[in-house]
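*Asks:* Before I ask anything, let me first share the structure, which is written out below as structure tokens.
Laboratory data are not the source of any read-out in this text; all were calculated from the coordinates shown. Predicted model, so just to flag it, every value in this text is computed and none were measured. All Cβ positions, even for glycine, are placed from backbone atoms using ideal geometry, and neighbour counts span all protein chains on display.
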Amino acid sequence: MAAKTAMIIEKDEGLTKDLLSLLEENAFLVKIYHSIDDALGALAKQPEQIVFLGHPRDASSPFEALDRMVRAHPFASIILVTELAPDEVEEKAEGYGIMGSLGWKASPEELASLLDQYEKIRNMMNESDPSAATKSHEP
């Protein structure tokens, strides 16, 4: 089975470190980007990963970054990381198809719930795409 990979896109070092720790506890290989431009390039090379999108340095807001991410990679599995209340996130992110959102002080349980959802989607996609089985076994 292919390694579970994630990318964190966030300018705040403390938030990045907290999220990195939670993801590594869940056996994810994690890459960190502070720039949406750098992250978009990396996602083009390795699209099969979960994206934790916060507020990159080169975007005026997380929602500008979200718009750029979805336009470039419409099928990306995105979790928005924000200080906004869930109902505000839902309103502002409506139509973007994000998997969900995490607050800045997310609990391991909140993260686990979203990771379970991601794994279910990933497994369904692998089952419905015969070529995905060979892709997931490549080094």
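*Asks:* Tell me the angle of helix 108-128 to the major Cα principal axis of the chain, expressed in degrees between 0 and 90 and rounded to the nearest ten.
*Replies:* 40 degrees
*Asks:* Right, something else. Please give the length that would be gained between D67 and A3 if that part of the chain were fully extended, namely 0.36 nm times their separation in residues minus their C-alpha to C-alpha distance (nm, one decimal).
*Replies:* Gain on stretching D67 to A3: 20.3 nm.
*Asks:* For the chain, modelled as a GNM with alpha-carbon contacts under 10 angstrom, which of E110, E64, E91 fluctuates the most?
*Replies:* For the chain, modelled as a Gaussian network with Cα springs under 10 Å, the answer is E91.
*Asks:* Students often forget the sequence filter, so: which aspartates and glutamates lie under 15 Å Cα-Cα from K92 once same-chain residues fewer than 8 apart are removed?
*Replies:* E64, D67, E83
*Asks:* Can you list the lysines whose alpha carbon is less than 16 Å from that of K31, not counting same-chain residues fewer than 8 positions off?
*Replies:* K31 reaches K4, K11, K17, K45.
*Asks:* Tell me whether the range 22-139 comes out rounded, prolate or oblate; compute the Cα gyration tensor, take square roots of the eigenvalues as a ≥ b ≥ c, and use a/c under 1.5 as the rounded threshold.
*Replies:* Taking the square roots of the gyration eigenvalues as a ≥ b ≥ c, the range 22-139 is prolate.
*Asks:* Further, regarding this structure: Calculated from DSSP H runs of 4 or more alone, at -39500 (n - 2.57) each and per residue, what is the 222 nm mean residue ellipticity of the chain, nearest 500?
*Replies:* That comes out to -15000 deg cm²/dmol.
*Asks:* Gain in length, W104 to R57, computed as 0.36 nm per residue apart minus the alpha-carbon separation, to one decimal in nm?
*Replies:* Contour length minus the Cα-Cα distance gives 15.2 nm.
*Asks:* Which order do M124, M99, M7 fall in if you start with the one that has the fewest other Cβ atoms within 10 Å?
*Replies:* If I rank by nearby Cβ atoms, fewest first, I get M124, M99, M7.
*Asks:* Continuing with the same structure: Using the basic label-point model (7 angstrom from Cα toward the beta carbon), what is the E91 to A44 distance in nanometres?
*Replies:* Those two pseudo-labels are separated by 3.6 nm.
*Asks:* Let me ask you something else. Taking 0.36 nm per residue of separation and subtracting the Cα-Cα distance, what length does fully extending L29 through A112 add?
*Replies:* Gain on extension, L29 to A112, equals 28.3 nm.
*Asks:* Which angle between 0 and 90 degrees, to the nearest 10, do you get for helix 13-25 versus the longest principal axis of the chain when only C-alpha atoms count?
*Replies:* 30 degrees
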